[in-house]
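What follows is a set of notes on a single structure, which appears directly below.
The values are calculated or read from the model by the stated rules, or taken from the named source; none is laboratory data. Note that the structure is a prediction, hence the values are computed from the model and not measured. Here the Cβ is made from the backbone with ideal geometry for all residues, glycine too, and neighbour counts use every protein chain on show.
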Amino acid sequence: MSATTLAGWLPESGMITVLTGAGISTDSGIPDFRGPQGVWTKDPTAEAMSTIGTYLADPEVRRRAWRSRRDHAAWDAEPNAAHAALVDLERAGRLRALITQNIDGLHQRAGSGESAVIEIHGTMREAECLSCGLRTPMPEVLARVDAGEEDPPCPDCGGIQKSATISFGQALKEDVLDAALRAARSCGLFLAVGTSLTVQPAAGLCLEAVETGARLVIVNAEPTPYDELADAVLRRPIGETLPRLVALALGSAP
Ligand SMILES: [Zn+2]
């Protein structure tokens with residue numbers, strides 16, 4: 001679909017719920033897990049660190065996971081033009097919610113409101129105790145790693161800590177999922193950006209939105225299982241495409 005056609009209805013598409021995946025952060029230098037250049041493709045042991053069973057069972061996996069958190073590209077990454085465009089959308093009053101599969105916190109760093117962002121896979125910016133649930137800012141725990149604790153236990157109960165992200169084998173937080181579902185069911189346009197739409201329940205949010213009458217626009221380099229359902233599919237670079245889409249939606253495109 002051409003930009004001209006989109007320009008016809010984007011300004012009247014009402015409140016917009018956005019779903020973002022790894023593709024929006026690759027321009028910021030954060031590698032995609034599953035893509036050809038992905039972390040798992042290059043280092044299969046990375047998957048063991050992201051699986052709750054092996055994480056709990058194997059101290060060596062945990063030690064490696066803490067080093068990997070300390071060295072994560074996100075600590076030095078800066079938000080890009082696509083993150084900034086979604087801040088514009090929110091400030092213009094057109095953002096219903098910003099659901100993200102990303103754990104890097106770049107939306108908030110770009111200026112998206114804490115209350116607007118729904119992190120369905122959690123965040124790497126906090127650590128969580130798997131026994132008592134205590135949350136600690138990640139930099140505090142990483143400082144202990146730097147000081148020589150290879151697998152720092154919970155300061156309250158001595159339990160095993162992990163980044164506050166959803167690992168394989170862990171359930172999503174119910175209140176977070178509820179908020180995402182509500183946002184998908186109460187928008188005029190659902191905009192999926194940089195996600196392969198293959199991981200549930202994130203992918204199913206598209207269907208929820210369409211079934212409640214929303215339009216669907218997909219911006220992703222590769223085809224997705226929901227392309228046929230979409231009103232528009234844009235397989236162009238996200239850093240250029242998203243600012244353009246937001247400008248069209250806000251009627252501020254040149
Ligand atoms: Zn604890």
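Residue-wise test of (1) in a helix (DSSP H, G or I); (2) at pLDDT 95 or above; (3) within 16 Å of the ligand (Cβ to nearest atom).
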| position | (1), (2), (3) |
| --- | --- |
| Gln37 | no, no, no |
| Thr41 | yes, no, no |
| Ser68 | yes, no, no |
| Ile99 | no, yes, no |
| Ile118 | no, yes, no |
| Ala127 | no, yes, yes |
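Test Glu222 against the stated conditions and say whether it is more than 17 Å from Val18 (Cβ to Cβ) and either of a type in the set (Asp, Glu) or in contact (Cβ under 8 Å) with a residue 24 or more places away in the chain (or both). Against the criterion (more than 17 Å from Val18 (Cβ to Cβ) and either of a type in the set (Asp, Glu) or in contact (Cβ under 8 Å) with a residue 24 or more places away in the chain (or both)), Glu222 qualifies. Of all the residues in the stretch 88-110, those that are within 15 Å of the chain's Cα centre (by Cα) and free of Cβ contacts under 8 Å to residues at least 60 places away in the same chain number 4. Cys157 meets all of the listed conditions (1) within 30 Å of Met49 (Cα to Cα); (2) under 20 Å from the mean Cα position of the chain (by Cα) but one, namely (2). The residue list Leu242, Leu248, Leu216 contains one member that is under 17 Å from Leu95 (Cα atoms) and within 17 Å of the chain's Cα centre (by Cα), which is Leu242.
Scanning the stretch 161-173 turns up no residue that is buried (at least 16 other Cβ atoms within 10 Å of the Cβ), part of a helix (DSSP H, G or I) and over 20 Å from the mean Cα position of the chain (by Cα).
Within the stretch 132-148, if we keep just the residues that are surrounded by fewer than 14 Cβ atoms within 10 Å (Cβ to Cβ) and part of a loop (DSSP other than H, G, I, E, B), the residue that is nearest to the ligand (Cβ to nearest atom) turns out to be Cys132.
Within the stretch 153-161, not a single residue is more than 15 Å from the ligand (Cβ to nearest atom) and touching a residue at least 12 places away in the same chain (Cβ under 8 Å).
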